[in-house]
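Notes to accompany the following structure.
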Protein chains: 2
Amino acid sequence: MLRLYEYWNSGNCYKVRLLLAQLGEPFERVPLDIYKGDTRTEEFLAKNPNRRVPLIEFPDGRRLAESDAILFFLAEGTPWLPEDRWERARVLQWMFFEQYSHEPYLAVVRSWHLAGLIEQNRAALADMMERGYHALGVMEKHLASADYFAAGRYTIADIALYAYTHVAEEGGFQLDEFPGIRSWLDRVRSQNGHIRIGDAVGKVVTWP
Amino acid sequence: MLRLYEYWNSGNCYKVRLLLAQLGEPFERVPLDIYKGDTRTEEFLAKNPNRRVPLIEFPDGRRLAESDAILFFLAEGTPWLPEDRWERARVLQWMFFEQYSHEPYLAVVRSWHLAGLIEQNRAALADMMERGYHALGVMEKHLASADYFAAGRYTIADIALYAYTHVAEEGGFQLDEFPGIRSWLDRVRSQNGHIRIGDAVGKVVTWP
């Protein structure tokens, strides 16, 4: 069975759980606490030297890191990833946008709030917020004339962007001025098999 | 003909030129100067609201942003991108690693040096260097038992990682203690059709 190493409140890990739930694919889940150093132990570094979750692992020992690469792998051959070459590239464009221009601001500022680190990052905050709002603006512009990010339907590009956008307010980002994003969040939430970030799915396994 | 909007000394843009040269695909090149605001004009924002190069554009108006999504699109159906589902996912893992854990440190510190911004970023520098060296360490560990990053051969994952690794020293990163990386850089340089970051390729077009 597929095994997922993850942290429950990470948007990057939530992406993988959400897709697995929608695919109806059974999986084992190894809960780790990134704030307690669980991804920096010798045992975990042997699995992912880049010390990050999510990480998926197969019984034969194959492992794959990077949330959006995992989504791409799992969605191959399913409606969540288009077959068309151009639309696949558009899916990837939005997933690279998410990891480069979106997550480093929305997810990181959220993690500062959750971990009580806002004060010690005060000097960087305004710039981080501005960059995060810029990313939201790019999404809003796209959503002015489209219901989803690629292929005219719900794909892993939407899952990737939903993960940290739907909890943007936990990072202090207000979505009032982004009506397109708010409607899109509703469309994503209404998909068959949708689960929330805190929902317990998969078979919990303790490790190591 | 394919048109590439780009800046000559950006590693992200170099990735696309390098692959196009190796594919032998003719293209138009629109040189922009990111340091002079060429990607923040009204004309350019109409093409890419995320105000970044590289950007490719087809005569029918289709446009694609994000360097690694462009590589994936252009390499589809060629030896530079494996057919196998698992190996494709491994290629993507390394490309997302590059954009999230490597480029934000190696490319950004290099750009501070090139733009004379080191002094005003002094407070952040040590942390940025540490994260950059961590990324190099992850690469070195992989290269201890592999000649390339995925599929056992030269792919777009190597092109993506080569772009800013081969100019790491321009950002003050020393590669002396990374013999695996230095050998791999030589292997990449020895590939058929290799071009350097400053080599003039494509048909230059002025725009707008």
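The values are calculated or read from the model by the stated rules, or taken from the named source; none is laboratory data. Please read these numbers as outputs of a predicted model, since none were measured by experiment. Heads up, the Cβs are rebuilt from the backbone with ideal geometry, glycines too, and the neighbour counts pull from every protein chain shown.
Considering only region A:172-179, I want to know if a residue exists there that is part of a helix (DSSP H, G or I) and closer than 26 Å to B:Ala46 by Cβ. If you could, list the steps in order and put the result at the bottom.
From region A:172-179, those part of a helix (DSSP H, G or I) are A:179; that's our starting set.
Next cut, closer than 26 Å to B:Ala46 by Cβ only: A:179.
Yes, the conditions are met somewhere in region A:172-179.
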* Asked: Can you name the number of the only condition in (1) over 20 Å from A:Gly77 (Cβ atoms); (2) more than 8 Å from every other protein chain (Cβ to nearest Cβ); (3) in contact with a Gly (Cβ under 9 Å, 6 or more places away or on another chain) that B:Glu103 fails?
  -> (2)
* In region A:113-131, which residue that is away from every other protein chain (no Cβ under 13 Å) and in contact (Cβ under 8 Å) with a residue 24 or more places away in the chain is farthest from B:Ala123 (Cα to Cα)? -> A:Leu114
* Structure fact -> By residue number, the members of region B:52-93 that are more than 8 Å from chain A (Cβ to nearest Cβ), out of contact with any Ser or Thr (no Cβ under 9 Å at 6 or more places or on another chain) and not in a loop (DSSP other than H, G, I, E, B) are B:Ile56, B:Glu57, B:Arg63, B:Leu71, B:Leu74
* To do: Only residues in region A:197-208 that are within 20 Å of A:Asp38 (Cα to Cα) count as the first member; pair them with residues that are part of a loop (DSSP other than H, G, I, E, B) and among the aromatic types (Phe, Trp, Tyr), Cβ under 7 angstrom, at least 6 apart or cross-chain, and list the lot.
  => A:Gly198/A:Trp8
* To do: Considering only region A:99-108, state which residues are more than 17 Å from A:Glu169 (Cα to Cα), touching a residue at least 24 places away in the same chain (Cβ under 8 Å) and of a type outside the set (Gly, Ala, Ser).
  => A:Gln99
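Identify all residues within region B:116-156 that are aliphatic (A, V, I, L, M), within 25 Å of B:Ile34 (Cα to Cα) and at pLDDT 95 or above; write none if there are none. Explain how you work it out, then say what you get.
So the first thing to find is which residues in region B:116-156 are aliphatic (A, V, I, L, M), and the list is B:117-118, B:123-126, B:128-129, B:135-136, B:138-139, B:143-144, B:146, B:150-151, B:156.
Retained after the next criterion (residues that are within 25 Å of B:Ile34 (Cα to Cα)): B:117-118, B:123-125, B:128-129, B:156.
Result: B:Leu117, B:Ile118, B:Leu125, B:Met128, B:Met129, B:Ile156.
If I filter region A:139-157 for residues that are facing chain B (nearest Cβ under 9 Å), touching a residue at least 60 places away in the same chain (Cβ under 8 Å) and either part of a helix (DSSP H, G or I) or at positive phi (or both), do I get at least one hit? If you could, list the steps in order and put the result at the bottom.
Step one: of region A:139-157, the residues facing chain B (nearest Cβ under 9 Å) are A:141-142.
Add one more test, that the residue is touching a residue at least 60 places away in the same chain (Cβ under 8 Å), and what stays is none.
No, because not a single residue in region A:139-157 is facing chain B (nearest Cβ under 9 Å), touching a residue at least 60 places away in the same chain (Cβ under 8 Å) and either part of a helix (DSSP H, G or I) or at positive phi (or both).
Out of B:Pro82, B:Pro54, report the one residue that is at pLDDT 95 or above and buried (at least 23 other Cβ atoms within 10 Å of the Cβ). Even if it seems obvious, please write down each step before you answer.
Numbers: B:Pro82 fails: buried (at least 23 other Cβ atoms within 10 Å of the Cβ).
On inspection, the qualifying residue turns out to be B:Pro54.
Residue-wise test of (1) assigned by TED's automatic domain parsing to the domain that holds B:Arg52; (2) closer than 18 Å to B:Leu64 by Cα; (3) modelled with pLDDT under 95.
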| position | (1), (2), (3) |
| --- | --- |
| B:Trp8 | yes, no, no |
| B:Phe27 | yes, yes, no |
| B:Val30 | yes, yes, no |
| B:Tyr35 | yes, no, yes |
* To do: Only one of these is surrounded by 14 or more Cβ atoms within 10 Å (Cβ to Cβ) and in contact with a Phe, Trp or Tyr (Cβ under 7 Å, 6 or more places away or on another chain): A:Thr165, A:Thr155. Name it.
  => A:Thr155
